[in-house]
Amino acid sequence: MQAVLGEPYASYINAFQQRSDSNLMKIATFNVNGINGRLPVLLRWLAEARPDVVCLKELKTPQEKFPEAAIREAGYRAIWHGQKSWKA
């Protein structure tokens, strides 16, 4: 399982041991601009790019509607802070 954000350092070591290019870590950012509406695009990108760590921007979803199950099924764990929009 790979990490999205905030995983302990030990999990990165385990991820390195499973990769053939163990001296490299792929860290990526993705401006999803609404995670639930663009979830299929995000999941396809994760499968193709296979980053070790992903920082997602502009989730635009409340905490309770974050698609945690879909992210887990893609092989990632997530830590997030959701809100409907940045405006109060």
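Numerical summary
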item: Hits in the stretch 54-64 (condition: over 17 Å from Thr29 (Cβ atoms) and surrounded by fewer than 13 Cβ atoms within 10 Å (Cβ to Cβ)); result: Pro62, Gln63, Glu64
item: Out of Pro67, Pro40, Pro51, sole residue that is exposed (fewer than 14 other Cβ atoms within 10 Å of the Cβ) and at pLDDT 90 or above; result: Pro40
item: Lys87 of a type outside the set (Gly, Ala, Ser) and modelled with pLDDT of 90 or more; result: no
item: Extreme residue, modelled with the lowest pLDDT, among residues of the stretch 73-83 that are over 16 Å from Pro40 (Cβ atoms) and not small (Gly, Ala, Ser); result: Gln83
item: Selection count, the stretch 70-88, where residues are surrounded by 11 or more Cβ atoms within 10 Å (Cβ to Cβ) and under 10 Å from the mean Cα position of the chain (by Cα); result: 8
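The values are calculated or read from the model by the stated rules, or taken from the named source; none is laboratory data. Predicted model, so just to flag it, every value in this text is computed and none were measured. Positions of Cβ are generated from backbone atoms using ideal geometry, with glycine treated the same way; all protein chains shown enter the neighbour counts.
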